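One structure is given below, encoded as structure tokens.
The values are calculated or read from the model by the stated rules, or taken from the named source; none is laboratory data. Everything numeric in this text was worked out from a predicted model, so none of it was measured. Don't worry about glycine lacking a Cβ; one is built from the backbone with ideal geometry, like all the others, and counts go over all protein chains shown. What goes into the accessible areas is simple: the full protein's heavy atoms, side chains included, and nothing from ligands, DNA or RNA. Shrake-Rupley method; radii C 1.70, N 1.55, O 1.52, S 1.80 Å.
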Amino acid sequence: MAPDITYGNDIPGDAELRLCGDVGGARRAVELGVSEWFNSIEFARAGAKAIAVDPDPERIAELRRRADQAEVTVQCLGAALADLGDISSATCDVVVASQTLRKVGDLGRLLRQVHRILIPSMPFVIAIPHPFAAVDAEHPYGTGTRTVGDWFTALGRSNFRVDQVKELGVSPTRPVPTTLVLRARKQGS
């Protein structure tokens, strides 16, 4: 069953974009950073063995409360996003980071850890504020945030191949996309 993962407000979710694939049958699905939409609960509702990683004890406590209310089980790991040592290598079917990677300092380390836990050819779906959305005369493109090119380079160096790029949030009142969603697949073992 496909999960109803949310990538941002007022943009299509995974029910429409279909980036995560089927997670039913107890496939392992990781939410990297507990998003404001608590996507790990959606993974569990879809039949996945859901795992959530977040360094904030309050986010983990809120996730546990919501999972109890939803009557689903989510394995919660209170750890830095790049500290995935509690997850065995090559055991996860999908990893999603929805609006949670904005402030990651060592992106290369995080990507290497995600690569380690994913099964070969399985997806890592990343949703971030679109790097172009904040551009103006005082904030030229590439200042203060990673560019689209920076993301492609970092993913490629970590042995991921980007196979889907979605630039979402354009509307009649907003001519610039608000959200960038990348699906990268693990290459190699």
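Residue by residue, here is whether (1) on the phi < 0 side of the Ramachandran plot; (2) within 17 Å of the chain's Cα centre (by Cα); (3) open to solvent by less than 20 Å² (accessible area, probe 1.4 Å); (4) free of Cβ contacts under 8 Å to residues at least 24 places away in the same chain holds:
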| position | (1), (2), (3), (4) |
| --- | --- |
| 24 | yes, no, yes, no |
| 34 | yes, yes, yes, no |
| 52 | yes, yes, yes, no |
| 60 | yes, yes, yes, no |
| 81 | yes, yes, no, no |
| 95 | yes, yes, yes, no |
| 100 | yes, yes, no, no |
Checklist entry - Can you tell me which residue in segment 112-127 is nearest to residue 184 (Cα to Cα), limited to those that are among the hydrophobic types (A, V, I, L, M, F, W, C) and in a loop (DSSP other than H, G, I, E, B)? => result 122
Item to check | Within segment 139-176, tally of residues that are small (Gly, Ala, Ser) and surrounded by 14 or more Cβ atoms within 10 Å (Cβ to Cβ) | outcome: 5
Checklist entry - Does segment 85-104 include one or more residues that are within 30 Å of residue 170 (Cβ to Cβ), among the polar types (S, T, N, Q) and not in a strand (DSSP E or B)? => result yes
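Does segment 119-128 contain any residue that is without any contact (Cβ under 8 Å) to a residue 60 or more places away in the chain and open to solvent by 60 Å² or more (accessible area, probe 1.4 Å)?
As a first pass, look at segment 119-128 and keep what is without any contact (Cβ under 8 Å) to a residue 60 or more places away in the chain: 126, 128.
Going one step further and asking which of them are open to solvent by 60 Å² or more (accessible area, probe 1.4 Å), we end up with none.
No, segment 119-128 contains no residue that is without any contact (Cβ under 8 Å) to a residue 60 or more places away in the chain and open to solvent by 60 Å² or more (accessible area, probe 1.4 Å).
Restricting to segment 148-180, name every residue that is among the hydroxyl-bearing types (Ser, Thr, Tyr) and modelled with pLDDT of 95 or more.
Listed by number, the residues that qualify are 153, 158, 178, 179.
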Next on the checklist: Testing residue 186 on (1) in contact with a His (Cβ under 9 Å, 6 or more places away or on another chain); (2) of a type outside the set (Val, Ile, Thr); (3) surrounded by fewer than 21 Cβ atoms within 10 Å (Cβ to Cβ), one condition comes back false. Which one is that?
Outcome noted: (3)
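Yes or no: segment 175-185 includes at least one residue that is without any contact (Cβ under 8 Å) to a residue 40 or more places away in the chain, within 19 Å of residue 12 (Cα to Cα) and either not in a helix (DSSP H, G or I) or not aromatic (Phe, Trp, Tyr) (or both).
yes
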